[in-house]
Structures are given as C-alpha cells and as structure tokens.
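To start, the structure under review is shown below, and the notes come after it.
Please treat every number below as a calculation from the coordinates, not as lab data. Just so we're clear, the structure is a prediction, and the values are computed from it rather than from any experiment. Every residue, glycine among them, receives a Cβ derived from its backbone with ideal geometry; neighbour counts consider all protein chains shown.
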Amino acid sequence: MSTAIKFGTSGWRAIVADEFTVANIRLAVAGIAAYVKTLPAPHRVLVGRDPRFLGESFVSEAARVLSAAGVTPIVIPKAAPTPAIAYAVRTLKTSGAINFTASHNPPEYNGIKYSTPDGAPALPEATKQIEAAIEKIAGSGGGGIPSPSVEDFETADVKPAFLNRLAELVDLKAIAKSGIKVVYDPFWGAGRGYPCHLLRQAGVTVETVHDYRDVLFGGHAPEPDDHLLGDAKKKMKEIGAALVIATDGDADRFGIVDSDGAFIQPNYVIALLFDYLVETRGWKNGVAKSVATTNLVNALAEYHKVPLYETPVGFKYIGALIDQDKIAIGGEESAGLTIRGHVPEKDGIIAGLLVAEMVAVRGTSLGAQLETLFGKVGSYYPVRENFHLTADQKAAFTEKLKADPTELNGRKVIQVVRTDGLKLILDDGSWVCYRLSGTEPVVRAYTETRNEQDMQALRSAAEKFVLS
C-alpha cells in the first residue's frame with residue numbers, strides 16, 4: 001500500500017487516479033481519525049470540499065471511514081470556501097475539519113487539508129503525528145482502517161454564519177454609500193455566492209464572471225493571477241467598475257484589479273490593508289508577514305510603531321499569531337491574508353471585501369493609494385521567479401544555501417536571514433530570498449528593490465547565484 005501521503009505547507013495534494021486514489025484517501029482519513037482520537041472528546045470532524053471532480057464521492061468516503069473509526073463526521077453538502085469551513089470549526093466546536101481541496105492547483109489535482117480544532121491549518125507537530133499514524137496503518141497492510149459503514153450523516157450549512165461574521169468585520173454600508181461597482185470572479189470555485197451575495201444584499205452593484213461549476217476550471221488552474229483575469233477586466237470595462245475581486249478554487253487566495261485594469265500584486269494589497277486597518281480600526285497590536293513578503297510591510301510597521309512578526313512560509317504560522325491576538329493583519333505574498341478577530345486561516349473573500357471598503361472609504365484608486373504609501377515610507381518593487389533545476393544543479397544549490405555569502409554579484413550583503421530558506425539583505429535595502437520547493441526540482445527566488453531601475457540587475461544577479 002502506498003505511503004506517498006505527506007502533509008506539506010497546506011495539506012496533502014496529488015493527481016487524481018495517480019496517487020490521489022480512494023485507497024490513499026481511506027488511509028489519510030484513517031490517519032487523521034487516529035490523531036483526532038488523541039484529542040479531548042467529543043470527537044466530531046467537519047468534512048467539506050471545493051467544487052473539484054469527484055469531491056462529493058470523496059466526502060462520502062471520508063465520512064464513512066471516520067464513522068467506522070468512532071469519529072462523528074459532519075458533512076458539508078455543498079462546495080464551501082476554506083475560510084468558511086475554518087469558521088465553522090470554531091463555531092461548532094469540532095475536533096477540526098477535513099477539506100478536499102487542491103486550492104489553486106490545476107484541475108487534475110485534489111488534496112486533503114486537515115484543520116485543527118482552532119480552525120487553523122495543522123501545524124507540523126500535528127501533521128507529523130498524522131503521517132506516523134498513516135505509516136503504521138499502511139505497515140499493517142491497511143488493517144488499521146475499519147470497514148466503512150454506510151449511514152446518513154449529520155450535515156451543516158456553513159454559509160449563513162460565515163457571511164454574518166464577514167458583515168460584522170467589513171463596513172458594507174460604506175461600500176454601498178460610495179456607489180462603486182464591483183466585478184467578482186470566483187474562478188468556478190467555492191467562493192461562488194459568497195462576497196457577491198453580501199455586497200448585493202448591501203445594495204452594491206456586482207457583476208460576476210465564471211459563476212458556475214466547471215470541474216476543469218476553464219481548462220487551467222483556478223488561480224486569480226493577472227494573466228487569467230481577462231474576462232473579469234472586460235466585464236469591469238463594460239459596467240465601469242472600480243474594482244475586480246477574484247478568489248481561487250477554495251477561495252483562500254485573492255486577486256485584485258484596479259479601476260484602470262492594472263493588477264495589484266498581493267504584496268501591495270497586504271501593505272495597503274495593513275495601513276488602512278491601523279488608520280480606520282486603530283489596531284496597533286502587530287503585523288505578520290512571511291519572510292518572502294515585501295519589506296514595505298516592515299517599513300510601515302516602523303512608521304506606525306507596530307510590532308512586526310516575520311514568519312517562515314506557510315500560513316499556519318500567521319494563523320497562530322491571529323489566535324493569540326498578537327496581530328491586526330497577517331499576509332503572504334502568495335495572496336493569503338486574514339485579520340484580527342477572524343479565522344486563523346487564509347481568506348480571499350474578506351481580503352476582497354476589505355479592499356472594496358478601502359477604495360470606497362478613501363475614494364481613490366489603489367494605484368493612487370500605493371503612491372501615497374510610497375510617499376510615507378519609500379518605494380518597494382517585489383518580484384517572484386521560479387528556476388527549474390537539474391538533479392545536479394539542485395544538489396549543488398542545496399550545498400550553496402548552507403553558506404553565508406558576503407556579496408551577491410559584487411553587491412555587499414549586510415544581513416543573512418534564515419527564517420525560511422536563505423534571505424540576503426543588501427546594503428541599499430534591496431534583498432533576495434531563495435526557497436527550494438519540497439515537491440519539485442525548483443528554486444523560488446524572491447527579489448525586491450527600492451527603485452524600478454535596479455529591478456532587472458537584481459533579478460539577473462539572483463539568477464546567476466542559482467545557476468553559476
């Protein structure tokens with residue numbers, strides 16, 4: 001029996017009918033059940049999904065395995081956003097949730113994400129125990145998986161309570177009062193009917209695109225990235241909208257387009273919302289960002305005299321800080337954020353709604369707001385690139401990551417940060433961060449310069465360091 005089940009930064013993902021098989025699903029769920037049984041009773045677990053192919057069948061299978069293992073499953077019948085499931089874990093006080101989602105991965109993938117009883121993505125100490133339980137069950141030839149029982153399971157509609165919570169956290173009246181129009185692109189995903197419903201209810205004009213189920217997500221990954229937002233931009237032009245908000249397959253990531261059709265990269269959205277929340281909510285308890293996220297956040301933390309937490313990549317680390325009420329907002333450059341008083345999980349829906357509120361209240365475009373921000377603390381230009389490596393190149397680069405370089409292509413390194421991967425901070429405030437992928441022969445290089453003219457030179461230097 002395969003034991004290829006490894007829980008990475010956001011659960012286990014694999015290609016359906018390759019490693020993501022019913023046998024492996026049973027094994028993974030049995031491992032999660034074994035972990036849940038170590039937690040305080042009652043042992044109840046939510047089981048949800050995004051709209052991917054066969055999701056309903058996988059949910060049913062998981063519910064039967066949990067039930068046979070003595071864990072009560074609570075089935076979410078309709079596709080639901082990851083943050084809505086996280087919120088339901090907290091309100092229903094369950095032992096966590098199993099969510100069948102591959103997030104923004106291409107349509108041939110599916111995955112299992114386990115959230116702990118606080119609604120946060122499972123931390124490494126939990127996933128290690130789950131993996132150990134899976135190994136043990138697999139080692140016994142699957143003998144540790146009880147025979148699945150067939151019965152009617154308790155169900156839960158997670159949508160109403162989650163929408164009510166969003167309405168408490170976002171000033172919907174201000175959005176409606178401003179008269180702005182919004183386009184929402186759910187990318188055929190689990191966010192369908194969520195932010196658009198709230199905005200329409202408040203009296204905001206909202207048009208949607210890709211607002212129906214398509215298990216192939218239009219033939220590409222359901223990723224709210226600039227090159228895939230053409231239909232939303234077209235609709236925006238048609239209706240004269242101030243904003244496009246988009247979410248990925250499970251609605252935990254966001255994509256934002258400004259009134260002039262410019263894509264606003266997530267680094268900037270996080271910084272703008274941090275500044276806005278300090279200004280409008282007076283929240284100065286802290287801000288968190290992954291080590292690969294823009295240092296514009298660092299500069300703003302200093303400007304607002306707010307504690308800064310720089311975490312490894314993986315939203316679970318930011319979720320823990322939200323749980324402890326140490327931060328007003330936490331974000332990652334890969335388009336994940338959440339705010340104080342909300343779920344300790346990425347939420348692309350609240351990100352989009354807060355951006356709409358910010359545009360409505362400030363009465364200016366995001367581009368203009370970013371210029372104002374640069375005026376306060378200086379400018380920052382971040383870029384992320386992937387470099388594909390041969391096996392030999394990967395081995396050589398893995399060794400190179402252990403050294404402490406004093407220069408990068410002739411430029412002085414003033415600080416080496418090892419929070420996650422290798423981050424080199426240069427004497428002019430620009431930086432490069434390298435992270436090896438755990439699943440493929442790829443190194444991710446994050447670069448950031450203080451002016452646009454230096455961007456190409458730093459990207460070239462970053463690439464040379466990888467491939468030389």
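Taking amide H as placed 1.01 Å from N in the peptide plane, R253 has its amide H under 5 Å from the amide H of D248, G348, each at least 5 places away in sequence or on another chain.
In summary, the lysines within cross-link reach of K237, defined as a Cα separation below 18 angstrom excluding same-chain residues under 8 places away, comprise K181.
How high is the relative contact order of region 69-142, in percent, with contacts defined as C-alpha pairs under 8 Å that are six or more residues apart?
So the answer I get is 23 percent.
Take a quick pass over region 240-360 and tell me how many lysine pairs come in under 12 angstrom between Cα atoms, counting only ones 8 or more apart or on separate chains.
Pairs that pass both the separation and distance tests number 4.
Under the convention that each Lys and Arg Cβ holds +1 and each Asp and Glu Cβ holds -1, the size of the dipole of the chain around its Cα centre is about 720 debye. For L436, the shell of other residues with beta-carbons less than 10 Å away shows a net charge of +2, using +1 for Lys and Arg and -1 for Asp and Glu. With both labels modelled 7 Å from their Cα along Cα-to-Cβ, the Q129 to A368 distance reads 5.3 nm. Ranking P441, P117, I329 by Cα position along the charge dipole of the chain, where only Lys, Arg, Asp and Glu carry charges on their C-beta atoms, puts P117 farthest toward the positive end.
3J(HN,Hα) couplings calculated from phi for region 98-114 with the Karplus curve 6.51 cos²θ - 1.76 cosθ + 1.60 (θ = phi - 60°) are, in sequence order, 10, 10, 7, 7, 10, 6, 9, 5, x, x, 6, 8, 9, x, 10, 10, 9 Hz; Gly and Pro show x. Once you list every other residue whose beta carbon is under 12 Å from the beta carbon of F162, what net charge do they have if Lys and Arg are +1 and Asp and Glu are -1? After counting each charged neighbour, the total is -1.
Computed over neighbours whose Cβ is under 13 Å from that of E19, the net charge equals 0, Lys and Arg +1, Asp and Glu -1.
Note on E56 and A396: with the Förster distance fixed at 51 Å, the Cβ-Cβ geometry gives a FRET efficiency of about 0.65.
Taking all Cα pairs closer than 8 Å and separated by 6 or more residues, the relative contact order of the chain comes to 13 percent. Just the number, please: percent antiparallel of the DSSP beta bridges in the chain, rounded to the nearest 5. Expressed as a percentage, antiparallel bridges in the chain total about 60. Proximity of backbone amide H atoms, modeled 1.01 Å from N, is registered between G331 and A288, K289, S290 at under 5 Å, excluding neighbours fewer than 5 places apart on the same chain. Here's the picture: a label point sits 7 Å out from the Cα of A4 along the beta-carbon direction, and within region 99-117 the residues with their amide nitrogen under 13 Å of it are 109-110. Around the amide H of T205, modelled in the peptide plane, lie the amide H atoms of V182, all under 5 Å away and 5 or more residues distant in sequence or on another chain. Summarising the label geometry, the points placed 7 Å from Cα in the beta-carbon direction at K93 and I414 lie 5.2 nm from one another. Here the contact order of region 12-157, divided by its residue count and restricted to Cα pairs under 8 Å and six or more residues apart, works out to 33 percent. Distance from the Cα centre of region 202-251 to that of region 150-189, in angstrom? Value for the Cα centre distance between the two parts: 16 Å. About its Cα centre, the dipole of region 116-187 is roughly 440 debye, where the only charges are +1 on Lys and Arg Cβ and -1 on Asp and Glu Cβ.
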